[in-house]
Amino acid sequence: MLLKLSLSSMRKMMKDYLVLLIGLVISITIFYMFQTLALNGDFTKQNSVISSIQLVFNVGSVLLAFITFFYIFYANSFLLSLRRKELGMYMILGAKKRKISQILFLETLVLGIISLVIGTIAGAGLASGVGSLLMKQLDISLEGYQPFYLPSIMMTCGFFLVLFLLTSSVNAIKLARATELDLIRAEQQNDRVQRKGFATVLLALIGLAGLAAGYYALVHMEELREIGLFIAASATTIGTYLIFITLLPVFVNALKKNRVWNERKLNAFTFAQLRFRVNNLTKVLGTVAMLIALGVGAMAGGMAFQKNVSLMAEMGKVYDVIIHKPVPADYEALKAMTVEEQNTYRYKVDDAGIYYLKDDLLADPPLINTIGLEDYDPDNRVKRVSTSLPSKVYSVYDHPEENLGPDIESMPPDWQEAVTGEFINSYEMINGKAVRIVDQTTYSGIQGEERSVVLARVDDFLKYKQELKEIDERQTRLYADETGAEGPQLYSKYTTYASLYAFTSGTMFMGFFLGIAFLAMMASCLMFKILSGATRDKDRYSMLRKIGVRQEWLVGSIYKELFVVFVFPALIGLVHVLVGMNMFSFILEEPYVGIWVPISIFLVIYTFYYWITVQLYKGIVLPKEA
Amino acid sequence: MKASVLEVRDVQKIYGNRGESQSHALKGVSLTIQEGEFVGIMGPSGSGKTTLLNVISTLDRPTDGFIQIAGTDITQMKQNQLADFRSQKLGFIFQDFNLLENLTVYENIALPLSLQGVSSSEIAPKVHKVAQTLGIQEILQKYPVQISGGQKQRAAAARALVHDPAILLADEPTGSLDSKNAKSLLETMTDLNENHGVSIMMVTHDAFSASYCRRILFIQDGKLYTEIHRTQDRQQFFKQILDVLAELGASHDVR
Ligand SMILES: Nc1ncnc2c1ncn2[C@@H]1O[C@H](COP(=O)(O)OP(=O)(O)OP(=O)(O)O)[C@@H](O)[C@H]1O
Ligand SMILES: [Mg+2]
């Protein structure tokens, strides 16, 4: 009997449950997708690049789990609050609390299982779609990748079932503690929370100061480092909350105090509704603002790193191409590129060392990166080596140092940077050997294979990814053949670029999906919170209609009121993001690259939820026209 | 001769669509109210009083028939015209939930004027004037929760009258008041009617409230049953009303 009643009331609140369901499905879908990317064993084993992303997706799953936990918790207690009256009524009519708790528990579980089924299926779909998109972008074959992957399914189901069990138990406990009257009276809310005077002003000032401090820390992250991070996180959060608690109500009250405005059309009513909302929602709005900042920030951050990959790769090496022991195919490849500078240097290798011919080096002095050097100049990172080499032999990496004989000098730092930083593209090449620059006579006396290395700079290395990839593959094979090492690591500009690109793309993708999940859940929290007051507003709207307010004005009033509620956290959250991206300015050259993408995504999601909220709210409060 | 503010001819109201279970709430009602009249509508529960008031107040459309208020045929109006008409020509007092509890009494009273786009400098004197008429100047800055039930109904009356409506429509305005407050509200309404020329149509269950009217229309089963005029004093009229109600076989409805 009670079950029937509960079913019928659930049907009545279909829309609210649907919204909860959508939020859950989004969360589960994304969680599942992360899991397939993180757990797909065969797949990850085959791709060395992928394994670095794996970590990223695991971290993402954990973060997502956290948010989802709070979301479910929040949404559930909202739904419970919607039904308090009804439940209280059952209890007064003699239903046993235990029975009601059981039903609630069951409801949550059923809802959870439904969303799990939909979410997993949708997740598999998303995983095969998005996953392949990601892999395509990373030039990784999808061999071994299964969108429907049992361990991932089990992981997802297991995790969420625990989550549902937890939240439904908490709900049941909450209910068990409440008395019948508590439940029935739950709807009575206080309409006017007014805090005035000195305390407000003080809090507002503290809030502004907090925000200022937080922003300062964000902008000056480079000098402040860890302390800056701490200040930024805490001061911005506190500042945001205080501003929502103090300034927003003041702002709305100011609107209301303006007589001319207040007495225009429905404004008096709209502002009054708004005042109630901002007083009631201060903390929720503060949270939403922070989470918007985090969500958009995650997307923008991932994106910025990804866009800055080539810039970061540029920092590593000056030369785009390094070819030891070039073969005809390498020269072919070079011909296909627009080469701006190309130098060839001869050297010899024996068991003890690598010996560069000084004459070659001095004939075409190479370029180096000054980042690690004393005369580093951020505006002019690259310079040509100009230090003269009067002595016969210069050495670095000699073991032990005493080996340096009378004619051997320690290598000047810029030459050292050149022959170790620029010339060497794999550790396998040095492998504990000394590196020397020697004059012609010494060079001729050295027993050992003579080789050459070609260094080249092209107009834009991103144009020749295919050629560079092939060159690097030949170099890798060369080292593998010579040293017998398995899969020697290469440190060319291209390889650095490729692995950074994979990593940041993974981060970006995760940032995006995490951000989307975040925003969707946040916005629906806000929505639930707003809708939970809607039943109470019903009478107001019906009265307004009776005294002759046009339907379109009522609708307009709803749009306006909710717009203000939605727009404030969005504004503050976005300002946080814009200021916050400064934080990366010491790692990234252009932290704002493409920031419009995450912001647009945010705006689309947020607007969508705004619209849905207005529609649902309208459905609840607006009287049906005859 | 006075003009009629309200003319209702052969109004029918059928709830529910064809094919469903229909309820014939009004079966051809005709009535006329002259300017400055104070008319009561009485009848047993379910007889169609509220339905009649709703179609007159344009909140509901009649299925058939003709209704004219202050010279305007409202049956042909569009949705927005109806809303505007309500806000300009009609004043309402309901049994409860008359005031928006998140607005002050002043803001509540000013609302109809705001809706018509009256400028805020013109609003203030009008609100103060009507508040004075109803004796509620002291509570203008208070919120509805801070005032008594009787004061609330007065404030509702002020809101209903602030824009000089053609007719004041009241559905059980005393329904949730105690006898003292009810009496005071009815006296105020009488004063408005007699000294300020406000036309009033009031639906009520209660014979005592009805006795304040000058004329009472009785409905039964969606049809006009009879009407009586007040010729002598109120006491007499009260008895007369009880007689008709007894006749209607609805005396159990009378409080
Ligand atoms: N929205 C509606 N849909 C269907 N039938 C309705 C609707 N409103 C009223 N009725 C029916 O119309 C008839 C008249 O109802 P109305 O509310 O006008 O009665 P009333 O005289 O106001 O009664 P009371 O004194 O109890 O308020 C009743 O039979 C009622 O069941
Ligand atoms: Mg009625």
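What is the packing order of peptides B:16-25, A:248-257, taking the mean over residues of other C-beta atoms within 10 Å and listing the highest first?
Ranked from most to least packed, the peptides come out as A:248-257, B:16-25.
For an R0 of 25 angstrom, estimate the FRET efficiency from the Cβ-Cβ distance between B:Lys180 and B:Glu122 and round to the nearest 0.05.
For R0 = 25 Å, the calculated efficiency reads 0.10.
Let's test the formula: R0 of 35 Å, r as the Cβ-Cβ distance of A:Asn58 and A:Met14. What FRET efficiency results, to the nearest 0.05?
Details: r = 36 Å, r/R0 = 1.04.
That gives a FRET efficiency of 0.45.
Taking accessible area as the heavy-atom solvent-accessible surface of the protein chains with a 1.4 Å probe, which residues of region A:263-303 lose no less than 10 Å² upon going from the isolated chain to the full protein assembly?
Buried by the other chains: A:Glu263, A:Lys265, A:Leu266, A:Ala268, A:Phe269, A:Ala272, A:Arg275.
If r is the Cβ-Cβ distance from A:Val170 to A:Ile113 and R0 is 22 Å, what FRET efficiency results, to the nearest 0.05?
It comes to 0.75.
Using the Karplus equation 6.51 cos²θ - 1.76 cosθ + 1.60 (θ = phi - 60°), what ³J(HN,Hα) coupling, rounded to whole Hz, does each residue of region A:322-331 give in order, writing x for Gly and Pro?
Couplings: 10, 10, 8, 6, x, 10, x, 4, 5, 5 Hz.
Please state the relative contact order of chain B as a whole percent: Cα pairs under 8 Å, 6+ residues apart?
After rounding, I find 26 percent.
Accessible area drop of at least 20 Å² (1.4 Å probe, protein heavy atoms): which residues of region B:110-129 qualify, relative to the chain alone?
Checking the loss per residue gives B:Leu111, B:Ser114, B:Leu115, B:Ser120.
Which lysines, on any chain, are close to A:Lys465 with Cα under 23 Å apart, when same-chain ones fewer than 8 places away are left out?
A:Lys136, A:Lys307, A:Lys317, A:Lys325, A:Lys335, A:Lys493
For B:Lys183, go through the lysines and keep the ones whose alpha-carbon is under 16 Å away, minus same-chain ones fewer than eight residues off.
Reachable lysines: B:Lys152.
Suppose we keep just the DSSP beta bridges with both residues in chain B; what percent of those would be antiparallel, to 5?
60 percent
Heavy atoms only, probe 1.4 Å: what % of the accessible area of chain B goes to carbon and sulfur, would you let me know? Write down the numbers at each step before the final one.
Details: 4760 of 10860 Å².
Here it works out to 44 percent.
If you add up the charges near B:Lys13, with Lys and Arg at +1 and Asp and Glu at -1, over every other residue whose beta carbon is less than 9 angstrom from its beta carbon, what do you get? Spell out each step's value before the answer.
Numbers: positive: B:Lys27, B:Arg61; negative: B:Asp60, B:Asp64.
Charge balance near B:Lys13 sits at 0.
Just the number, please: buried accessible area between A and B, total of both chains, 1.4 angstrom probe, nearest 100 square angstrom.
Between A and B, the summed buried area is about 2800 Å².
Counting only protein heavy atoms and a 1.4 Å probe, tell me what percentage of region A:321-491's accessible area is made up of carbon and sulfur.
Roughly 47 percent of what the probe reaches on region A:321-491 is carbon or sulfur.
Build a GNM of chain B with springs between Cα atoms under 10 Å: which of B:Ala110, B:Ala182, B:Ala124 gets the top mean-square fluctuation?
B:Ala124
Work out which residues of region B:45-88 lose at minimum 40 square angstrom of accessible surface when the other protein chains are put back, relative to the chain isolated, with a 1.4 angstrom probe, and list them by number.
In region B:45-88, residues shielded by partner chains: B:Leu59, B:Gln79, B:Asn80, B:Asp84, B:Arg86.
Based solely on its DSSP helices, what 222 nm [θ] is calculated for the protein assembly as shown when runs of n ≥ 4 H residues each add -39,500 (n - 2.57) and the sum is averaged over all residues, nearest 500 deg cm²/dmol?
It comes out at -20000 deg cm²/dmol, rounded to the nearest 500.
Considering only protein heavy atoms, what per residue accessible area in square angstrom results for the protein assembly as shown with a 1.4 angstrom probe? All intermediate terms of the calculation are to be shown ahead of the outcome.
On the way: 39100 Å² over 881 residues.
It amounts to 44 Å² per residue over the protein assembly as shown.
Hey, can you rank A:155-164, A:472-481, A:296-305 by average C-beta count inside 10 Å, highest first?
A:296-305, A:155-164, A:472-481
Go ahead and set up a Gaussian network model of chain B, Cα springs under 10 Å, then flag whichever of B:Val29, B:Val145, B:Val127 fluctuates most.
Among B:Val29, B:Val145, B:Val127, the largest mean-square fluctuation in the Gaussian network model of chain B belongs to B:Val145.
Listed here are the pairs A:Lys560/B:Lys89; A:Lys546/B:Lys89; A:Lys97/A:Lys283; B:Lys49/B:Lys142; which of them are more than 23 Å apart at the Cα?
A:Lys560/B:Lys89; A:Lys97/A:Lys283; B:Lys49/B:Lys142
Quick one: order A:Arg259, A:Arg457, A:Arg98, B:Arg159 from most to least accessible surface, probe 1.4 Å.
So the residues, ranked largest to smallest area, are A:Arg98, A:Arg259, A:Arg457, B:Arg159.
Between B:Asp221 and B:Asp10, what is the label-point separation in nm under the 7 Å Cα-to-beta-carbon projection?
2.1 nm
The values are calculated or read from the model by the stated rules, or taken from the named source; none is laboratory data. Since this is a predicted model, take the numbers as computed values, not measurements. Counting neighbours? That spans all protein chains shown, and the Cβs are built from the backbone with ideal geometry, glycine included. The accessibility values were calculated without ligands, DNA or RNA, using every heavy atom of the protein model including side chains. Shrake-Rupley method; radii C 1.70, N 1.55, O 1.52, S 1.80 Å.
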